[in-house]
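Worksheet: the structure to be examined is printed underneath.
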Amino acid sequence: MGKTIAQKIIDAHLVDGTAAPGCEVGLRIDQTLTQDATGTMAYLEYEAMGIPRVKTELSVAYIDHNTLQSGFMNADDHRFIRTIAKKIGVRYSRPGNGICHQVHLERFAKPGKTLIGSDSHTPTAGGIGALAMGAGGLDVAVAMGGGAYYIPYPKMTLVKLTGALPPMVSAKDVILEVLRVLSVKGGVGKIIEYGGEGVKTLSVPQRATITNMGAELGATTSIFPSDEVTHAFLKAQGREEDYVELSSDPDAEYDEILEIDLSSLEPLAACPHSPDNVKPVRSLAMTKVDQVCIGSCTNSSYTDLMTVAKMLKGKTVSPDVSLAIAPGSRQVLAMLSENGALADLLNAGARILESACGPCIGMGQSPNSAGVSLRTFNRNFEGRSGTRDASVYLVSPETAAASCLTGYFTDPRTLPIDAPIAMPEHFPINDNMVDLPAPAEEADKVEVLRGPNIKPLPQAIPVDDVMELPCLLKVGDNITTDHIMPAGSKILPYRSNIPHLANYCFEVCDPEFPARAMAADGGFILGGANYGQGSSREHAALVPLYLGIRAVIAKSFARIHKANLVNAGILPLEFKDAADYDKFALGDTLRLENVFAGLEGGTITLKNAQGETAELVCDISERQAKVIRAGGLLNYTKEQNQ
């Protein structure tokens, strides 16, 4: 039987486990990336392991999330990351150099390589043929130290593309169609591979837009072939030597196949408050728009922004609309500046933001109260924009540009441009904002600088065979990591200060939860289906750990968050019968029995004082069970290295 692209890369990097469904596999990791909202914690964890220098082929620390410096906290974190990166052998991408996924795609990602990053949209690099996965910061730290990265061996889904995109329909509309069909839970446990003749019509940035939002499917990752289109992109970036051809075998077998005719697609929008709530743009035509934001790691490439500039040239943004544009990288911004497109955007009334994540994570540009915001981003969870009652829609750059001109949701096909933007044959190359680390022989001379906002890591408590504690919170389905640990300019500067972050944990769901948890001597959380979807932020596990959460009992879990719970030493337990979720309530005293047997594949019994019972399973690997017994991955790693 032939192999898929992902299976070939997994086979080439397999260091532990069996490459078969139902097994856990450990992979050798070639590259890692971090960003500053998760990076401080990742480097504190790396430091705690006591390994002097990173062992990957390449590791890069990006500063792109916490770039607003309204206090000392973000600047101090950047200084810490810069100095520890220099000491341990990590390259450092300075603030202003761009969004990690955009810059990594341009300058570092390679076909056939493995990459994990402490950001859920790391699969962006799948657009260039890398096996790129989002992970918790501790998993990234372990990989930097030479350890394997473990995942359940995934199912393989083929999205077979035929035809070609019509004018003013874009890659964003492709992934929105996939989300419409599969939903935010449809990719869990799967790698999404794109194939078919339609692939050849998509540029690398278009492919990266699609793989980027594979994170919203809950997929392990998404990947495209590495072909002549990939070769042309790498050559234009001055990296032709990084090219290798990658394709699936003709007789490769897939667990499921989804066919999409690109020529049949139309402009789409994800409506509030979920990326899979997808409708045609034409059906929203009478919706008034207050704000348009263009950028993020999904849609801030050169061709995206040149398309917007061409649509806006000689026109003026509606007086009722605030338009903000954030180029994805300094390379893109420099090109727009040099060719005059930046002037076209400014003259039309755009507000140009720095090359960073910005509004996507609620870091500025929050919409007005009850405002309608169209964004070329990847997530529209309630409150993520920084405005609780805003209605956020996810759209293509073409739809965003058309709508900011009219002041209403507008089908971009009504405002066509004369020709699509061509990919450049050569990109301007300037990596002077990516600092090299100190040579190994000089590392001891580097002083790591820490600010007062950087606090120690919370310590896990090994589980007991019987645990009787209160239910401190009960939540429903599709709880995101934004619900658990919100983003935004008020909170993100404290990402290295777990005690302070604890004050905001689950504030979207239950503002009383932090105080209730602090007053208790440990407890449990009850959750619905797809618990922990969204961002890879391990803070959504570390903060509950600090608050004394010993187990999360849910109908089902999102992959990365489940792994982060295990890494933090928190039990991720699932109801055998999802209907049993309704038997238990907030405030119940819950008793877990036979926990140790459950860690070995048996059944854990859940009881409350009212006599209700349920059977639970702990669906984790043998290795993860050892991690739980050790009190988290950090303790387990130290034990293994002794």
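Centroid-to-centroid, using Cα positions, segment 586-602 and segment 391-443 are 49 Å apart. Rg of the Cα atoms in segment 283-412, relative to 2.2 N^0.38 Å, amounts to 0.95. Of the peptides 68-74, 171-177, the order by per-residue mean of other Cβ atoms within 10 Å, starting with the highest, comes out as 171-177, 68-74. Over segment 24-119, the ratio between the Cα radius of gyration and 2.2 N^0.38 Å evaluates to 1.07. Highest average first, the peptides 284-293, 447-456 ordered by how many other beta carbon atoms sit within 10 Å of their residues are 284-293, 447-456. Per-residue 3J(HN,Hα) values for segment 319-333, derived from phi via the Karplus relation 6.51 cos²θ - 1.76 cosθ + 1.60 with θ = phi - 60°, read x, 8, 10, 9, 10, 10, 10, 10, x, x, 8, 5, 4, 5, 4 Hz in sequence order (x marks Gly and Pro).
Computed on the Cα trace of segment 467-641, the radius of gyration divided by the Kirkwood hydrodynamic radius gives Rg/Rh = 0.95.
Using a/c under 1.5 as the rounded threshold, could you call segment 479-564 rounded, prolate or oblate? The axes a ≥ b ≥ c are square roots of the C-alpha gyration tensor eigenvalues, and prolate needs a/b larger than b/c, oblate otherwise. Oblate shape, in that a/c is at least 1.5 and b/c is the bigger or equal ratio. For segment 450-508, taking the reciprocal of the average inverse distance between every pair of different Cα atoms yields a Kirkwood hydrodynamic radius of 13.9 Å. Ordering 486-496, 557-567, 514-524 by mean Cβ neighbour count within 10 Å, with the highest value first, yields 557-567, 486-496, 514-524.
Per-residue 3J(HN,Hα) values for segment 134-147, derived from phi via the Karplus relation 6.51 cos²θ - 1.76 cosθ + 1.60 with θ = phi - 60°, read x, 7, x, x, 5, 4, 5, 4, 4, 5, 4, x, x, x Hz in sequence order (x marks Gly and Pro). In the structure shown, the pairs 3/185; 562/638; 190/235; 235/313; 8/55; 200/310 are assessed against 28 Å; a Cα-Cα span above that value is assigned to 190/235; 235/313. Full extension of the chain between residue 586 and residue 47 gives 190.2 nm of extra length, using 0.36 nm per residue less the Cα-Cα distance. Computed over segment 467-641, relative contact order equals 22 percent, with contacts defined as Cα pairs under 8 Å that lie 6+ residues apart. For residue 258, the amide hydrogen comes within under 5 Å of the amide hydrogens of 158, 159, 160, counting only partners 5 or more places away or on other chains and with H modelled in the peptide plane.
Projecting the alpha carbon convex hull of the chain along each direction and taking the average yields 26.4 nm². A convex hull fitted around the alpha carbon atoms of segment 5-260 yields 132 Å³ per residue.
Overall size of segment 145-191 from C-alpha positions, given as principal axis extents largest first: 47, 23, 18 Å.
We did not get these values from a lab; they are worked out from the coordinates using the rules stated. Please read all numbers here as calculations on a predicted model, not as lab measurements. All Cβ positions, even for glycine, are placed from backbone atoms using ideal geometry, and neighbour counts span all protein chains on display.
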